[in-house]
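K.L.:
Handing you a structure now.
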Amino acid sequence: MTVDRSDSTRNHFVYRYFDSQGRLLYVGCAVNLDRRWQEHRLTRPGMASQVSAARIAGPFCFQVARSVERKALESEGPLYGW
């Protein structure tokens with residue numbers, strides 16, 4: 001499957017995972033949020049077990065989604081991730 005990264009296709013979402021205390025655990029970008037959650041459960045089980053809420057923004061085009069994600073990573077300081 002190819003992901004359309006053109007400026008006009010708005011199919012990317014920026015998501016944030018929070019723990020039960022409201023602390024930001026992770027910020028990411030994905031097209032298929034359900035599949036991405038399953039990947040996190042397999043590859044980051046420690047983090048995934050702490051997630052109690054998610055906030056989703058979008059859809060955005062690829063470039064905007066990545067920009068939103070980068071800014072959030074830099075300014076919001078998630079516990080896991082980059």
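The values are calculated or read from the model by the stated rules, or taken from the named source; none is laboratory data. Being a predicted model, the structure only gives us computed values, none of them experimental. With ideal geometry, Cβ positions are generated from the backbone for all residues, glycine too; neighbour counts draw on all protein chains shown.
K.L.:
So which pairs qualify, if the first residue must be in the range 7-18 and among the aliphatic types (A, V, I, L, M), the second must be surrounded by fewer than 17 Cβ atoms within 10 Å (Cβ to Cβ) and modelled with pLDDT of 95 or more, the Cβ gap must be under 6 Å, and the two must be at least 6 apart or on different chains?
P.N.:
Val14/Ala57
K.L.:
Okay, next question. Of everything in the range 8-51, what is closer than 15 Å to Arg66 by Cβ, of a type in the set (Ser, Thr, Tyr) and touching a Leu at 6+ places or on another chain (Cβ under 8 Å)? Give them in sequence order.
P.N.:
Residue satisfying the conditions is Tyr15 alone.
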